Amino acid sequence: MAIGPEESDGSLPPSISTELAGLRIGAWSDVEPRIMVRAVPAVRAGPAARPLTPDLRLDVGIDLADGIAVPSITHVARWAVDAEQVWRTACSNTRRSVHPVSQRLPASPGGSIDGLDVVAVTAGPWTTGILIDIGHFLPWAVPAAPGIGQPATAAWLAAPNDGLVVVVQATIGPGEASTARVERLAGSVLDGLFDRRLGIGQDRLPPNRFAVESSGRLRDLS
């Protein structure tokens, strides 16, 4: 079983070892209240993961005081619980337990870009769990259906590491030229995240970009 974080010699930090000693990870009754969702690179995904992009997965993990336990296929089999129930429980726990905090960022290293509002969202090691349901966690980031003659609000986002999701919002006026320009600017801002030292979180994720649809679902733009 992989545990995060691990030390370089493969041993576990004492606090995690102590906590795991009292947790029957093969027992669903012990795991059920602790299992949650986060984004991980596809190469590290476990047996219950769901795809987000070709290189990114939403995966379940077990929340510990000082780390995350990643269940193996053997542990999942011991739970004797339907895979859909595991997923539903992890999503429910994530929605209940993750409380995002937002902070505005400059749209570029030099300052702001007209028409764009860039917000950094953090919530600890499970921050990327908000990708299961942006409409639930960040209702202000979901595009509103435009009224007649009114501009549409659009949003895009990316997760450069495990502790950060960045949302770019814009008000787009009528006309394809305006829409295309704002989309290009938002894409440039999100691409730039993977080249900047943001100092939040530890695990670097594969480059990823999403458009937020009116339903609150994500559309992969990677």
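The values are calculated or read from the model by the stated rules, or taken from the named source; none is laboratory data. Bear in mind that the values here come from a model prediction, so they are computed numbers and not experimental data. Don't worry about glycine lacking a Cβ; one is built from the backbone with ideal geometry, like all the others, and counts go over all protein chains shown. To get the accessible areas, we keep the full protein, side chains included, count just its heavy atoms, and leave off ligands, DNA and RNA. Shrake-Rupley method; radii C 1.70, N 1.55, O 1.52, S 1.80 Å.
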- Query: Label points 7 Å out from Cα along the Cβ direction at GLN103 and ILE73: separation in nm?
  - Reply: 4.1
- Task: Would you mind computing, in nm to one decimal, how far apart the modelled labels at ALA83 and ARG204 are, each placed 7 Å from Cα along Cα→Cβ?
- Result: 3.2
- Gained length - ARG181 relative to THR122, 0.36 nm times residue gap less alpha-carbon distance: 18.4 nm
- In the P(r) worked out for the stretch 30-113, what percent of Cα pairs fall beyond 19 Å? 46
- Task: Describe numerically, in nm with one decimal, the distance between label points set 7 Å from Cα along Cα→Cβ at ARG219 and at ASP55.
- Result: 2.2
- Determine how large the accessible area of ASP55 is when every protein chain is in place; take a 1.4 Å probe and give Å² rounded to the nearest 10. 90
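Between ASP30 and ASP133, take the C-beta separation as r, use R0 = 22 Å, and let me know the FRET efficiency to the nearest 0.05.
With a Förster radius of 22 Å, E is 0.30.
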